[in-house]
Amino acid sequence: MMESPMTRNCHVGFGERYEETHQSQDWKVRFVPTPFSPLLANIALNGIESIHKYKDNKGRIKEPSIRYADDMLIIIRPEDDAKAILDRISVLLAARGMNVSEKKTKLTAATDGFDFLGWHFKVQKNGKFRSIPSADNYKAFRKKVKTIVNNSNYGATVKASKLAPVVRGWRQYHKYCKMDETRNSLYFIESRAYKVFNKETNQNRYTSKKLLDIAFPTVSYSENKHINVKGEKSPYDGDIAYWSKRNSVLYDGLTSKALKRQNHSCKSCGLKFIGEQRVHLHHVDGNHQNWKETNLVAIHQSCHQFIHMSKSKS
């Protein structure tokens, strides 16, 4: 395996802006990603995945490279020349005014494990492929949770409501990993949150447990059960029905049921759910304690915001 994040110097060319931060009387400059960064990275790096290719035993051409924006993973065989592949990539990038970050590029065996996009992948001795949340990803997630749990400005109820989307999002992202280990099950984090909730004078062990269930919603996981994209499908091929239905599997529980009832269309605007915009559950009667299925509809995040903005003005 060869991991190769492109140098951060090219981020200026990807439409990112400068932001100055003041630290210890020294002004430091860092790059702040904009929504256009991944798009422009894809344009600038288009074709780089085809640099390394070979024919299999049946004569079919294989391109064993995976790229997400400017993060890239190249799967190589024992007979492949890693240095030659990297040299060809460097030539392509140089022609486009970029270069590979040598500090972040490394060659590693799949049996030793490697991190990519927040996951840690490893081929075990028995040949089984395994993935878990990477150490850095877990550390960043734990920091977010601790910031909310230890915030003295929030009561237990507010903390639970703020924790829920953070925990649900993390668990949803890693739902195809092995999540039954003690660390990934969040046992110790939940125990800490319960103690903090239970310390409040207006809470007891029963109400604290209910808040804990709200703060740490369960998300079922199925290790290595990713659903491959069908054939040569592309998000840009105009097949809105296919991509809307596929994106809907990212949700479960009441949201999943609402999406199926609505044929994967927004109840507010009628459009299919495609793109990066999240799906929100809207309480029709305005009562956020009424979780009956008949009172819940799936709508776009922007539609949800517009509905509540209109109500506040009226």
Inset, instruction - Tell me, yes or no, whether the stretch 44-53 has at least one residue that is closer than 30 Å to T182 by Cβ and either in contact with a His (Cβ under 8 Å, 6 or more places away or on another chain) or modelled with pLDDT of 85 or more (or both). - result: no
Legend entry - Search result, residues across the stretch 199-210 that are buried (at least 17 other Cβ atoms within 10 Å of the Cβ) and in a helix (DSSP H, G or I): S208
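Every residue, every condition in (1) touching a strand residue (DSSP E or B) at 6+ places or on another chain (Cβ under 7 Å); (2) at pLDDT 90 or above, yes or no:
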site: Y154; (1), (2): no, yes
site: K159; (1), (2): no, yes
site: H174; (1), (2): yes, yes
site: I189; (1), (2): no, yes
site: F197; (1), (2): no, yes
site: K210; (1), (2): no, yes
site: I214; (1), (2): no, yes
site: S248; (1), (2): no, no
site: Y251; (1), (2): yes, no
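Let's see how each residue does on (1) touching a residue at least 12 places away in the same chain (Cβ under 8 Å); (2) assigned to a loop (DSSP other than H, G, I, E, B); (3) out of contact with any His (no Cβ under 9 Å at 6 or more places or on another chain); (4) closer than 20 Å to G169 by Cα:
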residue: Q277; (1), (2), (3), (4): yes, yes, no, yes
residue: L281; (1), (2), (3), (4): yes, no, no, yes
residue: D285; (1), (2), (3), (4): no, yes, yes, no
residue: Q289; (1), (2), (3), (4): no, yes, no, no
residue: T294; (1), (2), (3), (4): no, no, yes, no
residue: A298; (1), (2), (3), (4): yes, no, no, yes
residue: H304; (1), (2), (3), (4): yes, no, no, yes
Inset, instruction - Return the total of residues in the stretch 71-125 being touching a residue at least 60 places away in the same chain (Cβ under 8 Å), part of a helix (DSSP H, G or I) and open to solvent by 80 Å² or more (accessible area, probe 1.4 Å). - result: 1
Inset, instruction - Of the numbered conditions (1) assigned to a loop (DSSP other than H, G, I, E, B); (2) under 30 Å from K139 (Cβ atoms); (3) open to solvent by 40 Å² or more (accessible area, probe 1.4 Å); (4) not β-branched (V, I, T), N42 fails exactly one; give the number of that condition. - result: (1)
Inset, instruction - Provide a single number: the residues in the stretch 48-58 that are part of a loop (DSSP other than H, G, I, E, B) and either of a type in the set (S, T, Y) or open to solvent by less than 40 Å² (accessible area, probe 1.4 Å) (or both). - result: 3
Inset, instruction - Those residues that are free of Cβ contacts under 8 Å to residues at least 12 places away in the same chain and outside any helix (DSSP H, G or I), I need them from the stretch 253-274; list them, please. - result: N263, G270
Inset, instruction - Could you check N184 against (1) open to solvent by 40 Å² or more (accessible area, probe 1.4 Å); (2) polar (S, T, N, Q); (3) in contact with a Phe, Trp or Tyr (Cβ under 9 Å, 6 or more places away or on another chain) and say which number it fails? - result: (1)
Legend entry - Where a residue in the stretch 217-231 is within 21 Å of F121 (Cβ to Cβ) and modelled with pLDDT under 85 and its partner, wherever it lies, is assigned to a loop (DSSP other than H, G, I, E, B) and among the aliphatic types (A, V, I, L, M), with Cβ under 6 Å and at least six apart: Y221/M179
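Please find, within the stretch 219-245, the residue that is least open to solvent (accessible area, probe 1.4 Å) out of those that are among the aromatic types (F, W, Y) and over 30 Å from D180 (Cβ atoms). Don't jump to the end; show me each part of the working.
The first filter runs over the stretch 219-245 and keeps only residues among the aromatic types (F, W, Y), leaving 221, 236, 242-243.
So of that shortlist, the ones also over 30 Å from D180 (Cβ atoms) come out as 236, 242-243.
Working: Y236: 193, Y242: 50, W243: 30 Å².
Here the answer is W243.
The values are calculated or read from the model by the stated rules, or taken from the named source; none is laboratory data. Bear in mind the structure is a predicted one, so any value in this text is a computation, not a measurement. We place every Cβ from the backbone using ideal geometry, glycine too, and count neighbours over all the protein chains shown. The protein model used for the area step is the full one, side chains on, heavy atoms only, and it has no ligands, DNA or RNA in it. Shrake-Rupley method; radii C 1.70, N 1.55, O 1.52, S 1.80 Å.
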